[in-house]
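Below is one structure, written out as structure tokens; comments come after it.
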Amino acid sequence: ERLREVIPDRIELVPAGGAIERLRAVKEPEEVERIAAAASLVDEVYAWVREQGLVGRTEREVALGLEEHRRRLGAEEPSFPSIVASSERGALPHARPADATIEVSATLCLMSCIAVPTAGGSGASGCGQCASNSARRFRS
């Protein structure tokens, strides 16, 4: 429906019978390796965040730390900016980090998507999130 809104009526749209979906469902070994590398990097970044602690820091401080640390680990530009949102803002899926201080029992939405470089010049992305968790679990 959305595609129909942006292309001229003179162009006929016909179903491809799931051809694209079938191609995307099967990953080549190299793709799997790149995705695993990106996921591993995300895990390292989240481990670092836990070590740093969250309680008492602002959402903006945590987001800046996430972005800086993932770059130090070799990540490229993210697919989207990090999401760090606490308390009532923790329910917002696309919240931008604010100067709000993360409290001990706050609900927290923490999401980061990382692209890692590969030898062939193409990259892979790995995303991770810890949504609706108590900030208490992330204290150092």
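So what is the diffusion coefficient of the range 12-99 in µm² per second by Stokes-Einstein at 37 °C and 0.692 mPa s, using a Kirkwood Rh over Cα pairs?
After rounding, the answer is 209 µm²/s.
Which of the peptides 102-110, 83-91, 11-19 is most tightly packed, and how do the rest follow, going by the mean number of other Cβ atoms within 10 Å of each residue?
The peptides rank, most packed first, as 83-91, 102-110, 11-19.
What is the distance, in nm, between label points placed 7 Å from the Cα along the Cα-to-Cβ direction at Glu76 and at Trp48?
1.9 nm
Quick check: residue separation of Val6 and Glu33 times 0.36 nm, minus the Cα distance between them. What number comes out in nm?
Stretched fully, the Val6-Glu33 segment lengthens by 6.1 nm.
Provide the packing ranking of 24-30, 43-49, i.e. peptides ordered by the mean count of other C-beta atoms within 10 Å per residue, highest first.
Top of the packing list down: 43-49, 24-30.
Quick note: the coordinates plus some simple rules give every number you see, no bench work behind them. Keep in mind the model is a prediction, meaning the values are calculated, not measured. Note: ideal-geometry Cβ built from the backbone for every residue, glycine included; neighbour counts use all protein chains shown.
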